[in-house]
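Trainee: Pasting a structure below so you can have a look.
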Amino acid sequence: MKCMYCGCLESKVVDSRAAEDGSTIRRRRECMACGRRFTTYETVETTPILVIKAAGTREAFDENKIKNGIIKACEKRPVPMYRIDKLVEDVKKQIYNSLDQEVTSKQIGEMVMNGLKEIDEVAYVRFASVYRSFKDISTFMKELEKMIKNK
């Protein structure tokens, strides 16, 4: 690490600890040439993920959109916030572990629906009705019958 005071490339780590958010490491360093101390921060570098929408447009992946959709589906249901956060985290992990730089909104929707099916069936049906845009009652009933049959 280059010293910000003298430009020397040699330094030693004096202290290392996690920052408040837990995703960053804070390191106190001492320059081997001038002896002055400085702080550096180390974070994990992530590659940006793009979401391919149904219309073919692309936008940056935003986990908050997933979380808001799940919260809306779970409204007035006995689903604790930690379960929602865990589902969002699970979906995010699946997306990043796929090693693809692009993912379709359809794939994300299926991941969320699979998770909601395990958490709360009513929330699952609510999310599915918006996600799959049921046009009439018969398609809605087919989804319900499929869910009952799989139980």
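The values are calculated or read from the model by the stated rules, or taken from the named source; none is laboratory data. Keep in mind it's a predicted model, so treat the numbers as computed, not measured. Note: ideal-geometry Cβ built from the backbone for every residue, glycine included; neighbour counts use all protein chains shown. For the accessible areas, the whole protein counts, side chains as well, though only heavy atoms, and no ligand, DNA or RNA atoms are used. Shrake-Rupley method; radii C 1.70, N 1.55, O 1.52, S 1.80 Å.
Trainee: Being over 21 Å from PRO48 (Cβ atoms) and within 19 Å of the chain's Cα centre (by Cα) narrows it down to one of GLU75, GLU110, GLU89, GLU121, so name that one.
Mentor: Of the residues listed, the single one that is over 21 Å from PRO48 (Cβ atoms) and within 19 Å of the chain's Cα centre (by Cα) is GLU110.
Trainee: Working only within the range 123-142, note down all residues that are in a helix (DSSP H, G or I), surrounded by fewer than 16 Cβ atoms within 10 Å (Cβ to Cβ) and not basic (Lys, Arg).
Mentor: SER129, VAL130, ILE137, SER138, THR139, PHE140, MET141
Trainee: Out of all the residues in the range 54-82, which are outside any helix (DSSP H, G or I), acidic (Asp, Glu) and farther than 14 Å from LEU116 by Cβ? Can you show your working first?
Mentor: Of the range 54-82, the ones outside any helix (DSSP H, G or I) are 54-62, 74-80.
This time we only want the ones that are acidic (Asp, Glu), so: 59, 62, 75.
Within the range 54-82, GLU59, ASP62 meet the criteria.
Trainee: Still on this structure: Taking the range 98-122 as the region of interest, how many residues are open to solvent by 70 Å² or more (accessible area, probe 1.4 Å), of a type in the set (S, T, N, Q) and either free of Cβ contacts under 8 Å to residues at least 24 places away in the same chain or in contact with a helix residue (DSSP H, G or I) (Cβ under 7 Å, 6 or more places away or on another chain) (or both)?
Mentor: 2
Trainee: Would you confirm whether or not the range 56-68 contains a residue that is more than 11 Å from the chain's Cα centre (by Cα), at pLDDT 90 or above, open to solvent by 60 Å² or more (accessible area, probe 1.4 Å) and among the polar types (S, T, N, Q)?
Mentor: Yes.
Trainee: Against the definition (open to solvent by 40 Å² or more (accessible area, probe 1.4 Å) and either modelled with pLDDT of 85 or more or of a type in the set (Asp, Glu) (or both)), how does LYS72 come out, yes or no?
Mentor: Values: open to solvent by 40 Å² or more (accessible area, probe 1.4 Å): yes; either modelled with pLDDT of 85 or more or of a type in the set (Asp, Glu) (or both): yes.
So LYS72 passes the test.
Trainee: In addition: Give the range 97-140 a look and list any residue that's farther than 20 Å from GLU59 by Cα, touching a Phe, Trp or Tyr at 6+ places or on another chain (Cβ under 7 Å) and of a type outside the set (Gly, Ala, Ser), or say none.
Mentor: If the condition is that a residue be farther than 20 Å from GLU59 by Cα, touching a Phe, Trp or Tyr at 6+ places or on another chain (Cβ under 7 Å) and of a type outside the set (Gly, Ala, Ser), then MET113, LEU116, LYS117, PHE134, PHE140 are the ones that fit.
Trainee: I'd like to verify a number: residues in the range 44-69 that are touching a residue at least 24 places away in the same chain (Cβ under 8 Å) and in contact with an Asp or Glu (Cβ under 8 Å, 6 or more places away or on another chain), how many?
Mentor: Total meeting the criteria: 6.
Trainee: So which residues in the range 75-97 are open to solvent by less than 60 Å² (accessible area, probe 1.4 Å), within 15 Å of VAL122 (Cα to Cα) and out of contact with any Lys or Arg (no Cβ under 8 Å at 6 or more places or on another chain), if there are any at all?
Mentor: Matches in the range 75-97: VAL79, PRO80.
Trainee: Next up: Identify, by number, the condition in (1) part of a loop (DSSP other than H, G, I, E, B); (2) in contact (Cβ under 8 Å) with a residue 12 or more places away in the chain; (3) open to solvent by 90 Å² or more (accessible area, probe 1.4 Å); (4) over 29 Å from LYS149 (Cβ atoms) that TYR41 doesn't meet.
Mentor: (1)
Trainee: Of these, VAL51, VAL88, which one is aliphatic (A, V, I, L, M) and out of contact with any Phe, Trp or Tyr (no Cβ under 9 Å at 6 or more places or on another chain)?
Mentor: VAL88
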